[in-house]
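Reviewing the structure listed below.
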Amino acid sequence: MTIFQAASLAIVEGLTEFLPISSTGHMILTSSLLGTNKDEFTKLFEVCIQLGAILSVVILYRHRFLRATKDFYLKLLAAVCPALVLGFLLAKKVDALLESTVTVGITMLMGGVILLFVDQWFTRPSIEKAEHTDFRQAVHIGLWQVLAMIPGMSRSACTIVGGMQQTLSRKAAAEFSFFLAIPTMCAATGYKLLKALKTTPEMLTNPDNLKMLLLGNVVAFLVALLAIKTLLGFLNHHGFRFFGLYRILGGILVLTLVYTGYLQ
């Protein structure tokens, strides 16, 4: 992996991780275009640089985390459990789906259609702060997150829509999605690192690989800071219609490139 490839993937991760457009789908497509999609280290790299994006949430919301009650942390734990359990049980099937650009194209298209109508479906929110979510609502949002195991669905989109379905406002749903990303992505990254240490430890002892991981996390962190701030303001003023149109056009483009042979 070159510096350019590492930086490109990290920029895509930082930009898309918290937007409802599927970071995994964009990473798969970017990796394919860069020619790194067959490299085992790239697969590890794409998961590990999520830590940089996670850190941006911790920094931006540090005061909220310090003031949060124990109950709120327990709600996040309850919300992450469905994805942890099913992710462990279906790990091989999920890994197989991560190889499919066709899956990404189809799910981007389908998810885009849904986002076109989300703002019309949920018009009477009753919860304005993520911390006011109760345990039942947190678990429901966690179940929505399970859908994000399918590449292209978008963890952010699933959890934000799930939050709005549970009467959270757009802002509260987005913030709960940000907070839920921390245990979710820490678990996913930890699992991948442990697996790599057991099966291919040389990938994590190679100095060049460690430099790329450091670069990727720093870039993902800086870009994610900007993306989070931009998303909240955009959602408050414009809703999801733009993201829906983006996903529909992106899905059509991906499927066209795949079936014309320009994309693997």
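Laboratory data are not the source of any read-out in this text; all were calculated from the coordinates shown. A quick note: this is a predicted structure, and the numbers were derived from the prediction, not measured. Glycine also receives a Cβ, built like all others from the backbone with ideal geometry; neighbour counts cover every protein chain displayed.
Data table
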read-out	value
Helix 23-34 axis, angle to the chain major axis (alpha carbon atoms, nearest 10°)	20
Top positive-direction residue, dipole computed over the chain with Cβ charges, set SER154, ILE59, THR107	ILE59
For the range 146-217, size of Cβ-based charge dipole, Lys and Arg +1, Asp and Glu -1, in debye	100
Net charge dipole size for the chain [Lys, Arg +1 and Asp, Glu -1 on Cβ; Debye, nearest 20]	520
Computed lengthening from TYR246 to LEU194, 0.36 nm per intervening residue step minus Cα-Cα distance	15.1 nm
Whole-number D in µm²/s for the range 3-259 (Stokes-Einstein; Kirkwood sum over Cα pairs; 20 °C, 1.002 mPa s)	117
Acute angle (nearest 10 degrees) that the helix 170-199 long axis makes with the longest principal axis of the chain, alpha-carbon atoms	30
Residue order, fewest to most beta carbons within 10 Å, for ARG136, ARG241, ARG247	ARG136, ARG241, ARG247
Within a Gaussian network of the chain (alpha carbon springs, distance under 10 Å), most fluctuating of GLY152, GLY190, GLY163	GLY190
For ASP119, net neighbour charge (Lys/Arg +1, Asp/Glu -1) across residues whose Cβ lies under 9 Å away	+2
Helix-only [θ]222 nm of the chain, DSSP H runs n ≥ 4, -39500 (n - 2.57) each, per residue, nearest 500	-25500 deg cm²/dmol
Order of HIS132, HIS63 - criterion: other Cβ atoms within 10 Å of each residue's Cβ, fewest first	HIS63, HIS132
FRET efficiency estimate (nearest 0.05) - Cβ-Cβ, ARG136 to LYS92, R0 35 angstrom	0.65
Label-point separation, LEU204 to VAL113 (7 Å along Cα→Cβ), nm	4.2
Per-residue Cβ neighbour rank within 10 angstrom, fewest leading, TYR73, TYR246	TYR73, TYR246
